[in-house]
Amino acid sequence: MGRLMATTPLLMIPGPTPVAAEVLAALAEPVRSHTGPENATTMLRIQDGIRVLVGSPGARVYCFAGAGTLAMEAALVNHAAPGDRIVVVSHGFFGDRFTEVATALGMRADTLHVEWGAHAHADALRDLIVSGDPPAMVCMTHVDTSSGVLAECAALASTARAAAPDAIIVVDGVCATGGIEESMDEWDVDVLLTGAQKALSVPPGLALLAVSERARRRRESLGDIHAYYADLRRWDPSVDDPRTYFSTHAVSLLRALEVSLEGIFEEGLQARFERHRRVASLVRDGMGELGFDPLTDAAHLAPTLSVLKLPLGVDDAHFRSRMAASDIIIAGCLGPWAGQGIRIGHMGTTSESDAARTIEAAAVVLGK
């Protein structure tokens, strides 16, 4: 067997994120039966935990093997039909992904684009919604991992509901759930989708959706859909009784998520959200002293990641390579910001000491 590395690299990318020791230990437990009572108990506990995190005690929670993109596709294909109009609020690369997936599914996507780093105006969303036939769905991203914009979901969802009362409102919470407060019921949101590999602090491989009663009625009204694995109606018997087989559950990842949720609630949600805000401020203040300023509008900075402009004369690839040599892994930017900035994730288990270690490494790389 190979030697263990003397220093474990610190993942400061915006997902996947570091995983706590007790979660890694859960992954190393003996593999369970996917229809056995132990896994069933785990799945029911996950459903309860996700309902608390997303602020919807009555939501129906689906959790199956996949990633956030699968959850996005499932949200669309289960609640709109080919030819239906979909309105998308895009704050960057992952907002645009809603448009791409909807188009691939034969839907008509109208997208509200804004300048990267800026936030969409509610009035512009209303104008787009009423400019055509009533949309079947309105989709938005809570935190776009490419631009770092924290969306004002309450205001956007309220505008969408007023302009399109029958629309299914979807929020992509992949870079938010577990690190930022979410309130499905208060926002009148119908589907909140997420993945396990960011603020939930589990290795990649789980797609999650919390679904309202309104969305379930929409699913029933569509009848047969052009999906099999992503058809939520096929998963329903397993949601009700996880001992019922539809497709093999990712049992080890589910156990890891159960343990991670236990840690989240032990920390306390408000304390956890405050830690995310505090670590975000530490990262931005420390990197700011080194010349890295946010590319994201200051009024909409997310607590889960920072998107920072490179100082003049600093090369993106070289800087990130030198950081990696110091065992700090950070990400480059996407889209129009590629090569102009870096992305630093600070969510999940990321601590003040992780922030300090990252800033210290950056200072050494820059010779400061």
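The values are calculated or read from the model by the stated rules, or taken from the named source; none is laboratory data. Quantities reported herein were computed from a predicted structural model and do not represent experimental measurements. Positions of Cβ are backbone-derived with ideal geometry, glycine not excepted, and every protein chain shown enters the neighbour counts. Keep in mind that these areas ignore ligands, DNA and RNA; they rest on the heavy atoms of the full protein, side chains included. Shrake-Rupley method; radii C 1.70, N 1.55, O 1.52, S 1.80 Å.
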Built amide H within the under 5 Å cut-off of LEU305, gap 5+: HIS346
Positive-end extreme of charge dipole, the chain - chosen from VAL89, GLY223, LEU112 (charges on Cβ): GLY223
Per-residue HN-Hα couplings for the stretch 94-102 [Karplus 6.51, -1.76, 1.60; θ = phi - 60°; Hz; x = Gly/Pro]: 8, x, 4, 5, 3, 4, 5, 5, 4
Taking H placed 1.01 Å from N in the peptide plane, check which residues at least 5 places from LEU310 or on another chain put their amide H under 5 Å from its amide H. GLY341, ILE342
If you place +1 on the Cβ of every Lys and Arg, -1 on the Cβ of every Asp and Glu, and leave all else neutral, what size is the dipole of the stretch 1-90 about its Cα centre, to the nearest 20 Debye? 60 debye
Checked the stretch 138-251 against the a/c 1.5 cut and the a/b vs b/c comparison, axes a ≥ b ≥ c from its Cα gyration tensor; verdict oblate
³J(HN,Hα), Karplus 6.51/-1.76/1.60, whole Hz, each residue of the stretch 266-275, x for Gly, Pro: 5, 5, x, 4, 5, 5, 5, 5, 5, 4
Is the stretch 219-324 rounded, prolate or oblate when judged by the Cα gyration tensor, a ≥ b ≥ c being the square roots of its eigenvalues, rounded requiring a/c under 1.5 and prolate requiring a/b larger than b/c? prolate
Rounded, prolate or oblate for the chain? Axes are the square roots of the Cα gyration tensor eigenvalues, ordered a ≥ b ≥ c, and the cut-off for rounded is a/c under 1.5. oblate
With an 8 Å cut-off on Cα pairs and a minimum separation of 6 or more residues, tell me the relative contact order of the chain in percent. 25 percent
In whole Hz, with x marking every Gly and Pro, tabulate ³J(HN,Hα) for the stretch 254-260 from phi via Karplus 6.51 cos²θ - 1.76 cosθ + 1.60, θ = phi - 60°. 5, 4, 4, 5, 4, 5, 5
For the chain, give the percent of accessible area contributed by carbon and sulfur heavy atoms, probe 1.4 Å, rounded to a whole number. 54 percent
Find the accessible area per residue for the stretch 173-321; the probe is 1.4 Å, ligands and nucleic acids are left out, and the unit is Å². 41 Å²
